[in-house]
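The values are calculated or read from the model by the stated rules, or taken from the named source; none is laboratory data. Remember, predicted model here, so these are calculated numbers, not experimental data. Here the Cβ is made from the backbone with ideal geometry for all residues, glycine too, and neighbour counts use every protein chain on show.
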Amino acid sequence: MKKILFRKILFDCLKFFLLSIIGISAIVWVFQAVNYLDIMVEDGRNYWVYFKYTILNFPKIISKIFPFAMFLSFFYIISRYENNNELVIFWSHGVSKLELINFFMKASFVLMLMQIIMLAILVPKTQDMARSIIRNSNINFFDDFLKPKKFNDIIKGVTIFTEKKDSDGTLKNIYIKKTTGTSDFEITFAKSGIIKNINNRQILVLYDGQNLKGKNNNLDSFSFSKSDFNLSNLESNTTTYKKTQENSSIDLINCYLSLNTKNKKNNETFKVENCSLGNLSNILTELYKRIIVPFYIPLLMLSSLILFLISKEERNYIKLKILLFLIGFFIIIFSETTLRFVEGSFIQNIKLIVIPFCLILVSYLTIIYSSNINYQKIIK
């Protein structure tokens, strides 16, 4: 009978947890998707790229919502069981508060492991895939983002200006400057032009213009009646290099070990583009977020389990529930705040690493002690 009761309350908690995490994540995803849409359109990306990019960001949103959704779910279900006198069924079938607390603590460690797997493996992988989609996609929608009487410089190394844009898409008095990151440059003037799709490529066809090319301190120029400017192979100014949070955990650990041991191997071996001492703090912060921050999940569970120790018959029951909810909310904020204090040395970060373990141990022992006191009062 005990197993049936345990499964029932756990099933209710997990069902509410799944509904809340999917619901909240979906709302956040919609708001972010709208923001991404503006960025993608301004950046000249097509809608298929936008769709894949937003979908691949969903695991990241879930990982952010995970702790709060878990705390909210277990806090709500335990409160509901208490308010509906359903916990009496547990006590009447010989289930002690200590047994129920230990059962939920085991569940919290399983959820903690799920969060670690998500943060350490799934999220970096999907974030890297999302960045790869941006990196490997061509810019489209030039007709949409080319604004008349404005220097359009969202293309990497290219600035385009047009004085007028007719209703049929014809551009008037066009100025194009292309740089290569050195002193070399290419400037093109044209009286008119129009964007055409030729063999699945976007080409800006220019008419009646002049081209100036500066290379190795030499200046060459020529006039043309018609010239094609290929737009399909251009890159945007959107960040396309792999960020620290998009690297796998193994690569970050290898990078840290190589820097810590002053290994002179090429950083490309570890596939971390910015594997340097200057980025060491960011690398440790990312590893701390993936491996240590999830250990606050059992602490959140403990803040919910305190509900087993209070009764709705108590005079300050509502105030105590509000206080416990605020404590759980504070734990979530505190766990995220600790990321700001991660430093560039493992030794310096030991104090941050042991905090969740110490808090879990102290909280658990306090709850067990309080549970025993309540049990002794009932016996007397």
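The residue that is nearest to Y53 (Cα to Cα), counting only those in segment 1-21 that are in contact (Cβ under 8 Å) with a residue 24 or more places away in the chain and β-branched (V, I, T), is I21.
L302 meets the conditions (1) surrounded by fewer than 19 Cβ atoms within 10 Å (Cβ to Cβ); (2) assigned to a helix (DSSP H, G or I) in every case but one. The failed one is (1).
Taking segment 193-218, which residues are loosely packed, with under 11 Cβ neighbours inside 10 Å and either more than 45 Å from the chain's Cα centre (by Cα) or among the small types (G, A, S) (or both)? Correct list: N217, N218.
Would you confirm whether or not segment 124-132 contains a residue that is closer than 18 Å to N230 by Cα, modelled with pLDDT under 90 and surrounded by 17 or more Cβ atoms within 10 Å (Cβ to Cβ)?
Taking segment 124-132 and keeping what is closer than 18 Å to N230 by Cα, we get none.
No, there is no match, as no residue in segment 124-132 is closer than 18 Å to N230 by Cα, modelled with pLDDT under 90 and surrounded by 17 or more Cβ atoms within 10 Å (Cβ to Cβ).
For F66, indicate whether it is modelled with pLDDT of 90 or more and closer than 30 Å to I318 by Cα. Yes.
For segment 46-63, the set of residues classified as in contact (Cβ under 8 Å) with a residue 12 or more places away in the chain and not aliphatic (A, V, I, L, M) consists of N46, Y50, K52, Y53, T54, N57, F58, P59, K60, S63, listed by residue number.
Considering only residues that are among the acidic types (D, E) and at pLDDT 75 or above, look in segment 141-174 and name the one that is surrounded by the fewest Cβ atoms within 10 Å (Cβ to Cβ). Outline the logic, then answer.
Applying the first criterion (among the acidic types (D, E)) to segment 141-174 yields 143-144, 153, 163, 166, 168.
Those still in the list that are at pLDDT 75 or above too: 163, 166, 168.
Numbers: E163: 11, D166: 11, D168: 6.
My answer is D168.
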